[in-house]
1. Please find, within the range 18-29, the residue that is modelled with the highest pLDDT out of those that are surrounded by 10 or more Cβ atoms within 10 Å (Cβ to Cβ) and closer than 22 Å to residue 8 by Cα.
2. In contact (Cβ under 8 Å) with a residue 12 or more places away in the chain, in contact with a Gly (Cβ under 6 Å, 6 or more places away or on another chain) and either closer than 16 Å to residue 13 by Cα or charged (D, E, K, R) (or both), is that true of residue 42?
3. Here are the criteria: (1) at pLDDT 75 or above; (2) within 31 Å of the chain's Cα centre (by Cα). Tell me which single one residue 2 does not satisfy.
Amino acid sequence: MVILGLLLILGGALVILASVFGAEGTAEFLGEDVSALTLFLLGVASGAAILWGYSILKWGTKRGLAHRKERKELNKLNERLDRAEAERRSDEDAPDEKI
């Protein structure tokens, strides 16, 4: 998800930069004449792609951090269980002392 978010942000930014630096006083996009409406819609789509990419990036990062935290907690619980099992086995293996 993080990669998809970064790709959307990068794509939107490239379209905006191509529009801004490619225009030489006329409505031009990558060397082609376009109408003002087309240029506007390209800008809106680019802005939407950037916002969507940011949202996906943010969501993917939160999800990854939550997954890492859960995995860390499960590892900790697994270690506790292993220690408890080892103690139980050592108690069972010890000879019974009668008084």
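1. Top of the filtered list is 18.
2. Numbers: in contact (Cβ under 8 Å) with a residue 12 or more places away in the chain: yes; in contact with a Gly (Cβ under 6 Å, 6 or more places away or on another chain): no; either closer than 16 Å to residue 13 by Cα or charged (D, E, K, R) (or both): yes.
When the stated conditions are applied, residue 42 does not pass them.
3. It fails just one condition, (1).
The values are calculated or read from the model by the stated rules, or taken from the named source; none is laboratory data. Quick caveat, the model's predicted, so the values are computed rather than measured. As a convention, Cβ positions derive from the backbone with ideal geometry for all residues, glycine included, and neighbour counts pool all protein chains shown.
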